[in-house]
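Each reported figure results from applying straightforward, stated rules to the coordinates on display, with no laboratory input. All of these numbers come straight from a predicted model, not from anything done at the bench. Please note: Cβ atoms are built from the backbone with ideal geometry, for glycine as well, and neighbour counts cover all protein chains shown.
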Amino acid sequence: MFDFSGKTAIVTGAASGIGEAIALELAASGAHVIVSDLDADHCDQVVATILDRGGKATAFAADVADPAAMEALVACAESETGALHLAVNNAGIGGVQAPTGEYPLDAWHKVINVNLNGVFYGMRYQIPAMERAGGGAIVNMASILGSVGFANSSAYVASKHALLGLTKTAAMEYAAKGIRVNSVGPAFIATPLLTNNLSQDMLDGLAGLHPIGRIGTPEEVSALTCFLLSERASFITGSYHLVDGGYTAP
Ligand code: NAP
């Protein structure tokens with residue numbers, strides 16, 4: 001559907017769920033994908049799938065909460081392929097569930113470090129590389145919880161709301177330099193983040209919160225993300241795009 005031939009793309013959190021689906025779709029559409037995640041073996045598995053399907057990919061294990069690792073990730077993209085054009089700052093964690101008045105301080109800092117600081121560290125090094133490449137496009141993975149609250153998830157909700165402001169600001173700063181920056185807001189999506197932590201009863205309950213009657217798939221989030229990265233979205237920057245089965249419509 002999209003043509004990313006000749007483009008290099010970084011995807012963080014690319015060994016699982018939404019990030020994996022995006023990495024596979026970008027590679028199937030011609031991009032050389034730098035598959036980045038915490039665990040090197042998991043990165044290698046996604047790269048092997050891409051190579052098996054005739055695509056181009058490189059594995060790079062990195063913690064998004066480590067700025068030096070984010071700088072090295074961009075250096076890897078440039079040294080492997082010559083330039084960086086696209087990035088999806090997707091890695092994220094849910095954090096513990098607790099009311100705000102009892103939220104553990106270390107858990108708060110961990111979520112903010114990965115979900116918010118990790119995206120800043122990513123863009124901090126991706127943007128200069130995209131300037132060197134003559135332009136680019138970035139998608140930051142937010143959530144429906146970037147625009148509405150959710151009880152017992154204050155750190156996650158705060159991190160995703162902040163991501164929207166960070167995205168808008170970077171978009172304003174770099175629009176004239178040919179770098180577009182957008183955020184995506186999925187509702188509940190069937191990935192290990194959800195399926196490993198919730199019972200089938202809870203998953204069924206979540207499905208009922210979406211007017212469309214089910215939770216989403218990683219591929220449905222990937223379709224929107226790839227559109228925003230593509231030239232078909234050439235006039236879209238600084239905005240937040242829901243893929244939520246109607247969750248936030250009421
Ligand atoms: P997932 O299946 O758990 O995948 C996330 C990946 O990110 C995992 O491979 C995880 O590694 C990795 N990761 C975690 N911390 C990292 C770090 N510090 N540095 C680098 N990689 C790290 O989750 P997902 O559902 O695909 O979520 C992807 C993104 O979508 C997240 O930002 C999430 O907030 C957002 N989102 C998800 C949903 C949903 O319902 N699934 C809804 C809205 C938004 P480990 O497995 O080793 O921890």
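Which chymotrypsin sites (Phe, Trp or Tyr not before Pro) from region 202-241 combine a DSSP loop assignment with at most 11 other Cβ atoms within 10 Å?
On the way: sites: Phe227, Phe235, Tyr240; in loops: Phe235.
Passing both the DSSP loop test and the Cβ count: Phe235.
What base-10 log of the normalised intensity I(q)/I(0) is obtained for region 154-250 from the Debye formula, alpha carbons as equal point scatterers, at q = 0.15 Å⁻¹?
For region 154-250 at q = 0.15 Å⁻¹, log10 I(q)/I(0) is -0.70.
Grab the Cα-Cα distance for Arg132 and Thr100, subtract it from 0.36 nm times how many residues apart they are, and report the gain in nm with one decimal.
Gain in length upon complete extension: 7.2 nm.
Could you work out the local net charge near Lys177, counting Lys and Arg as +1, Asp and Glu as -1, over the other residues with Cβ closer than 15 Å to its Cβ? Present the calculation step by step, with values, prior to reporting the outcome.
Working: positive: Arg132, Arg180; negative: Glu131, Glu173.
So the surrounding residues net to 0.
Top mean-square fluctuation among Asp66, Asp37, Asp204, Gaussian network model of the chain, C-alpha springs under 10 Å?
Maximum fluctuation in the GNM of the chain, among the listed residues, is at Asp204.
After finding the eigenvalues of the alpha carbon gyration tensor for the chain, what semi-axes result from the square roots of 5 times each, listed largest first in whole Å?
Working: eigenvalues 148, 75, 68 Å².
After scaling each eigenvalue by five and taking roots: 27, 19, 18 Å.
Would you please give the residues with an amide H less than 5 Å from that of Phe4, counting only those at least 5 places away or on a separate chain, with H modeled from the backbone geometry?
Gly30, Ala31
Treat region 69-126 as a sphere of radius equal to its Kirkwood radius over Cα pairs and apply Stokes-Einstein at 4 °C in a medium of 1.567 mPa s; give the translational diffusion coefficient in µm²/s, rounded to a whole number.
Numbers: Rh = 13.0 Å.
Rounded to a whole number, D works out at 99 µm²/s.
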